[in-house]
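Reading through the structure tokens given below for one structure.
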There are 4 protein chains.
Amino acid sequence: MTASAQPIRVTVWGENVHERQDRGVVELYPDGMHTVVAAGIAEHLGGRALVRTATLDQPGQGLPPEVLEETDVLTWWGHIAHDQVDDELVRRVCERVNRGMGLLMLHSGHYSKVFRTLMGTSCNLKWRSEGERELVWTVDPSHPITEGVPEVFAIDAQEMYCELFDIPPPDELVFISSFAGGEVFRSGCCFTRGRGRIFYFSPGDQEYPVYYHPVVRRILANGVTWAYRSDGVRPESYQSANAQPGWIDEVVRPASP
Amino acid sequence: MTASAQPIRVTVWGENVHERQDRGVVELYPDGMHTVVAAGIAEHLGGRALVRTATLDQPGQGLPPEVLEETDVLTWWGHIAHDQVDDELVRRVCERVNRGMGLLMLHSGHYSKVFRTLMGTSCNLKWRSEGERELVWTVDPSHPITEGVPEVFAIDAQEMYCELFDIPPPDELVFISSFAGGEVFRSGCCFTRGRGRIFYFSPGDQEYPVYYHPVVRRILANGVTWAYRSDGVRPESYQSANAQPGWIDEVVRPASP
Amino acid sequence: MTASAQPIRVTVWGENVHERQDRGVVELYPDGMHTVVAAGIAEHLGGRALVRTATLDQPGQGLPPEVLEETDVLTWWGHIAHDQVDDELVRRVCERVNRGMGLLMLHSGHYSKVFRTLMGTSCNLKWRSEGERELVWTVDPSHPITEGVPEVFAIDAQEMYCELFDIPPPDELVFISSFAGGEVFRSGCCFTRGRGRIFYFSPGDQEYPVYYHPVVRRILANGVTWAYRSDGVRPESYQSANAQPGWIDEVVRPASP
Amino acid sequence: MTASAQPIRVTVWGENVHERQDRGVVELYPDGMHTVVAAGIAEHLGGRALVRTATLDQPGQGLPPEVLEETDVLTWWGHIAHDQVDDELVRRVCERVNRGMGLLMLHSGHYSKVFRTLMGTSCNLKWRSEGERELVWTVDPSHPITEGVPEVFAIDAQEMYCELFDIPPPDELVFISSFAGGEVFRSGCCFTRGRGRIFYFSPGDQEYPVYYHPVVRRILANGVTWAYRSDGVRPESYQSANAQPGWIDEVVRPASP
């Protein structure tokens, strides 16, 4: 928690498939959605963060061990290529989250293998892509992710996501969205797994310029700082252990005053 | 939890002021809103519940000690006369909730002294009474209060309530409502205080026939069974105590196998 | 929630390996731990429950589709044979939990494939089997599982389980245990996944007669009634769906008054 | 969340009664417990915080409006003089918490008027002052307050606090303590009220040198940074408001891209 000279190492992972094949998406995001997400985060965090991008088509699907192990907070956007992500990469990402890496799961990433593995539910939902207005309401104004965010803001055109969103009850419910048809969606949800903090944020379909929206960018940056832990990612997962009588006395001795 | 021969003793408390002075309300609820709420609960629980009503204009404001002390679950509706409720009655109700009485706080009861005392927040919200459609969405389908309730249902005309609803984060968020203007509201919220279970449910303005709605009645009944505890209300609140060495051995002896 | 003529169909699944090979366990549980767990539940629920047992060595590992699909609440005890449970059975159990089946995960079941899949964490912990006294403290006296349970009770000899227990934060933390060495453990934890309610309860090692303990049996029975939903298990999981404009009007029409 | 040039304005409030009349306390804390708490926070936060102290015997009971209104995070220690705190001061503190001020409630402050008002429960507990060893266990390793804190640490001599601790279920349970007699206590609990974050931390009796303990000091500092919000305390509480049709369009216009 104390001030640290170390910048937050953020890796913005993007599937980057729509951006190369769908004409409308190419026009909106000519350099890929990941570059715009990364720019949004960097814009707010400045020198506090060291932001890089990674994509599915790169070696190791963009997240070979040497990249993942140098990531403090990972953001993930995927949609059409969820199935192409290697199970071994999914395992490594989930394991690193449990060791303390922060994770921002964006929009259609709700159905990624990573998110479904961490949640233990189907993560299904209802949807409709008609470019309708989304209103995003803050419902937990005490949450760090809401700092500097208005009580309600509008995204003029966005895909509709609707309940029942089949996730476990969030540890913290930060935002609720409504759509033109009267639909509602828990659009900002926090979870923890092991030492890792996870923020799911639903605005951000590939067909609309959502990641250029100033409040969305602020929320992404807030999500990164919330998910980051200053004491680092542990080198390994929690292990089971046989704790013999007296073990506590060994452990607590150095901490005594 | 085991089957009990004892019926649930429910007291439906109503302020009963609008119903005697506002023409539209008199027409909708000629015998008071409390009688309709009581009928809705009895309709679903049958012999499992013993339902009576109480109103502000009765002796002891309807809840003298002999009534309150025979209540397992209390439902509360108030609006225009919050300030007339005696502080001593507020204290007794809150204290009995802490001892294990269930509480259903209905609609404008969000601003009652009882609810604000139990929450520790202002319980303020935004509102508009234009007879708009309210859609009520289930967001926690694992919750007992949702049993037999559709994933979404409509109330054709209702007062609009909107976030920011200034309550602590609910222990369980069961329903979210949306309104015609795009507003959202956490309309079904569970809390606990001491041994008592509290369900806040927002549908139910005096100007609309909400308490005749079949799904609303089902939810009220579900709320009562959820809030009821089969092992009864404790005779007194939890007290602080000086626990001398060895006290546990005294306490646990009878429970050993 | 309303009184139902249908009994709760409980299946008590036991690994049943220690009970056939370890001399001490055979003496404690000559007919298997599952029979004692089943008897404890039946003792409290009487005609409200229809309790049967199932074991790993049976066809379909005790839970072929026709058995699982007739189970409202499943209890699970495993330890030495976690790896032998078929992945397909694990998938079917987790999927049925998400559709609304209750699950009681007992003691060393914390490391079963089923539990780890539902949690998304390692579920590791520290342990020591020295027959020490476990004290079980109620910390959420409002919870249905605590009805009729003393504020603290003792299990005279039990395996020690200790934090850090690597689970997601429980939706409801009901019990905390302490052990002779000063260790603590979150011994009663509630979670939900989809429509299903999950209760993890740690007391119950094969080397000690824990499932004969009267309070433990009461808690098991309370766990079953808490995890049971009267409106049944859905025939299928939540699915994603494209919700076209106007879909809500179709859905809500029948529910209007 | 973004880096701010503004230091966190911390006010450490102490009752400061024991320190002037009880010989043992005078020896442990010759300048008052508040000075030691303040030093512990300053030691870790350095230039990030501007720490001052305030005591009951000062004008305005140490927290006249001009002091309270310049406080971002308040820490509170009281015991023997809870009743002497003016109800009006209690009201102002609770109201400012709801507007966004952070609050650290320490040890016997569990029974202060401020804490009981914010919780809505009795906040009672069991206790014994025999100078026993307290073990403090981290149970939510994802929480910011645990950064740099060992999984378990010992306080060699401390007052025993024991469940049932009559608080609402914490939004986040960070620490559980055990004591020599087998007692357990939820010793680190987070709550929110309105925009304010509240951390209750139980170690710290006046008869033992707990606030000199290096890990305790680290936790106090972590608590301050967690409770602090970079976007400031709102000038007034949330108010109810009549929201006329179209109000959202007025509100969201400036935030559109």
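Every number in this text was worked out from the coordinates using simple rules, so none of it is lab data. Since we're looking at a predicted model, the values are computed, not measured. Counting neighbours? That spans all protein chains shown, and the Cβs are built from the backbone with ideal geometry, glycine included.
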*What pairs in A:LYS113/B:LYS126; B:LYS113/D:LYS126; A:LYS126/B:LYS113; B:LYS126/D:LYS126; C:LYS126/D:LYS113 have C-alpha atoms more than 31 Å from each other?*
A:LYS113/B:LYS126; A:LYS126/B:LYS113; B:LYS126/D:LYS126; C:LYS126/D:LYS113
*At what distance in angstrom do the alpha carbon centres of the stretch D:57-90 and the stretch A:191-237 lie from each other?*
38 Å
*Inter-copy label distances at D:GLY246 (7 Å, Cα→Cβ; nm, one decimal)*: 2.9, 7.9, 8.1
*asked:* Name the residue from D:TYR211, D:GLN158, D:TRP226 whose Cα lies farthest towards the positive end of the charge dipole of the stretch D:100-257, charges +1 on Cβ of Lys and Arg and -1 on Cβ of Asp and Glu.
replied: D:TRP226
*List, in order, the whole-Hz ³J(HN,Hα) value for each residue of the stretch B:175-183 obtained from phi through the Karplus relation with A = 6.51, B = -1.76, C = 1.60 and θ = phi - 60°; use x for Gly and Pro.*
10, 10, 10, 10, 10, 4, x, x, 6
*Extending each Cα 7 Å along its Cβ direction at B:ALA81 and C:TYR111, get the distance between those two points in nm, one decimal.*
6.4 nm
*Measuring label to label, 7 Å along Cα→Cβ, what does A:ILE80 give against each other copy in nm, shortest first?*
5.4, 6.1, 7.5
_Given the rotation that superposes chain A on chain C, what residue of A brings its beta carbon nearest the axis, and what is the distance in Å?_
A:GLY120, 3
*Nearest 0.05, what FRET efficiency do D:ARG253 and A:GLU236 give at R0 = 56 Å with Cβ-Cβ as r?*
0.65
*asked:* Quick one: 3J(HN,Hα) in Hz for the stretch B:160-172, Karplus 6.51/-1.76/1.60 with θ = phi - 60°, rounded, Gly and Pro as x.
replied: 7, 10, 9, 5, 6, 8, 8, 10, x, x, x, 4, 9
*Go ahead and estimate [θ] at 222 nm for chain C from helices alone: -39,500 (n - 2.57) per DSSP H run with n ≥ 4, summed, over the residue count, rounded to 500.*
-7000 deg cm²/dmol
*asked:* Just to check I understand the Karplus step: with θ = phi - 60° and J = 6.51 cos²θ - 1.76 cosθ + 1.60, what whole-Hz values come out for the stretch C:222-233, glycine and proline as x?
replied: 4, x, 5, 5, 5, 7, 7, 10, 6, 8, x, 8
*Averaged across the residues of C:155-167, what count of C-beta atoms belonging to other chains lies within 10 Å of each residue's C-beta?*
4
*Measuring from a point 7 Å out along Cα→Cβ, what nm distances, shortest first, does A:PRO235 have to its partners in the other copies?*
5.5, 5.6, 6.1
*Just how large is the dipole of the protein assembly as shown about the Cα centre, in debye to the nearest 20, putting +1 at every Lys and Arg Cβ and -1 at every Asp and Glu Cβ?*
0 debye
*Length-normalised contact order of chain C in % [C-alpha pairs under 8 Å, at least 6 apart]*: 22 percent
*About the Cα centre of the stretch A:56-127, what is the dipole size in debye to 20, counting +1 per Lys and Arg Cβ and -1 per Asp and Glu Cβ, all else neutral?*
420 debye
*Computed lengthening from D:ALA39 to D:TYR212, 0.36 nm per intervening residue step minus Cα-Cα distance*: 61.4 nm
*So which GluC sites (Glu not before Pro) in the stretch C:190-257 are both in a DSSP loop and have at most 11 other Cβ atoms within 10 Å of their Cβ?*
C:GLU236
